[in-house]
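The block underneath contains the structure these notes are about, expressed in structure tokens.
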Amino acid sequence: MKRKLYIVFDRFHSTEAGGLISAYVSFVDLLKNDYDIEIISVIDARNENHASLSQIKVHYLTKKDFFPRLKVLVQAAKQFKIHIVLKEIFNLIKYLAFIPVAKKKIRKIVSDQDIVVSSSPAASMYIPKDIKFIQEIHTKFEYFWGNHKLGTLQSKLMSKPYITVFRTKADMEKASQYFNSTYSYNFINKELFNDTVSIGEEKRKHKIIYMGRFVKEKNLSKMMECAKQLKKQIPDFTLDMYGTGVLVDDIARLIEENDLSENVHLCGFCNDKNIFDNYSLLWLTSDFEGMSMTIIEAKAKGVPTISTNWGDGVFEVIHDREDGFVENTVEDIVNRTAELMNDKELLINISKNALKNFDEFSKENAYKRWIDLLKGFEGELE
């Protein structure tokens, strides 16, 4: 009989919500033959799209959705929208007041011999202190143990884990001086991709892709400035942007204001990983990331990335000037893009390197790391 493994979310988000859920779709696929995996969602999220994990049993701890929207609260306060402020404050109070109730419910679901993996410090606030669990961190170390107010608050309120798993070696090394930590890269199951890799083909010419959420930390206004400047050098380039989020309308406005409608296209959510076959470059202008799933997915199709320096981990997923480029200014991003678009041989070489280096993030490597970690953790439960 397989041992139970519970993944705990404060709110089980939609499979359209970005890299976090994509990571757990891969995680479930990785370990489903070794463990009986179930999900615990503190907040009811049954209205979300969970198609990719529909085979997994989900325990909802409440039928009410009072997930606090802190960004909405701050924005409403700035605009003196008192009714929205009061609503979100009330949701926040209910969210925090539910902590002791949720702990009792989780204690009834989880036995002392079960493995518990928390998806975030916010989820760990609801895990009883007498349950040993593994904490995953999907953003950089500084978000929870630095100067970010919300992240720092969550890390202080959460129960103490047995071990914390970061997405990069760099973040693990920062954390190791304070608590028990390790790392495991995000990974991709290459079986999700077809065997076709169209490096150097005409259909990729001058075509850039962005795939991710439309949220503040992705700094998409900077990407629009890059597009505006690139048009001066490569007038026929295209940038197709896949994803959803609160800033879609803002980006649509910037596209219109900068006369980019023929070059930049908003394409909505896309779950087809083979879409990368149609592009020569991936752009990423994030202020911070944990370990970008999109860069890894692009590598699987031989698509190199031009990215900002969103943290020390960027140099673990991009070998600068070998299989991609780390550039910070708009000018450098634009000039590097134009250089690659004008030098087909250089672009092909960089693309081949990206494809070759994908193996660092393979399912096989991730499986070995996780099995070693979980078997060691099981020994702690005996």
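Structure above, values below:
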read-out	value
Given (1) out of contact with any Pro (no Cβ under 6 Å at 6 or more places or on another chain); (2) more than 18 Å from Gln135 (Cβ to Cβ); (3) in contact (Cβ under 8 Å) with a residue 12 or more places away in the chain; (4) among the hydrophobic types (A, V, I, L, M, F, W, C), index of the condition Ala102 fails	(2)
Search result, residues across the stretch 224-263 that are without any contact (Cβ under 8 Å) to a residue 24 or more places away in the chain and either part of a strand (DSSP E or B) or closer than 24 Å to Ile21 by Cα (or both)	Asp249
Matching residues, the stretch 135-156, being touching a residue at least 24 places away in the same chain (Cβ under 8 Å) and farther than 15 Å from Ser176 by Cα	His138, Thr139, Tyr143, Leu150, Gly151, Gln154, Ser155
Candidate set from the stretch 53-71 (those that are more than 27 Å from Asn271 (Cα to Cα) and surrounded by 15 or more Cβ atoms within 10 Å (Cβ to Cβ)); member that is modelled with the highest pLDDT	Leu61
All positions within the stretch 351-368 that are touching a Phe, Trp or Tyr at 6+ places or on another chain (Cβ under 8 Å) and either assigned to a helix (DSSP H, G or I) or within 29 Å of Ile131 (Cα to Cα) (or both)	Glu360, Phe361, Lys363, Asn365, Ala366
Helices (runs of 4 or more DSSP H) contained entirely in the stretch 71-161, each with at least 1 residues that are basic (Lys, Arg) and under 30 Å from Leu374 (Cα atoms)	99-109, 149-157
Failed condition for Ser221, given (1) of a type in the set (S, T, N, Q); (2) in contact (Cβ under 8 Å) with a residue 40 or more places away in the chain; (3) outside any loop (DSSP other than H, G, I, E, B); (4) assigned by TED's automatic domain parsing to the domain that holds Asp332	(2)
Candidate set: the stretch 112-154, residues that are among the polar types (S, T, N, Q) and surrounded by 16 or more Cβ atoms within 10 Å (Cβ to Cβ); chosen: the one nearest to Ser292 (Cα to Cα)	Thr139
Inter-residue pairs, beta-carbon under 6 Å, first under 25 Å from Val197 (Cα atoms) and assigned by TED's automatic domain parsing to the domain that holds Glu136 and in the stretch 354-382, second part of a helix (DSSP H, G or I) and at pLDDT 95 or above, 6+ apart	none
Selection from the stretch 136-170 of residues that are touching a strand residue (DSSP E or B) at 6+ places or on another chain (Cβ under 7 Å) and either under 19 Å from Tyr24 (Cβ atoms) or of a type in the set (Asp, Glu) (or both)	Glu136, Ile137, Pro161, Ile163, Thr164, Val165, Phe166, Arg167, Thr168
Lone unmet requirement of (1) surrounded by 14 or more Cβ atoms within 10 Å (Cβ to Cβ); (2) in contact with a Leu (Cβ under 7 Å, 6 or more places away or on another chain); (3) among the aliphatic types (A, V, I, L, M) for Val326	(2)
Near pairs, Cβ below 7 angstrom, 6+ apart or cross-chain, from the stretch 285-300 (closer than 19 Å to Met223 by Cα) to any residue that is at pLDDT 95 or above and assigned to a loop (DSSP other than H, G, I, E, B)	Thr285/Asn219; Thr285/Thr308; Ser286/Asn219; Ser286/Thr308; Asp287/Asn219; Ile295/Ile318
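The values are calculated or read from the model by the stated rules, or taken from the named source; none is laboratory data. Since this is a predicted model, take the numbers as computed values, not measurements. Methodologically, a virtual Cβ is constructed for each residue, glycine included, from the backbone with ideal geometry; neighbour enumeration extends over all protein chains shown.
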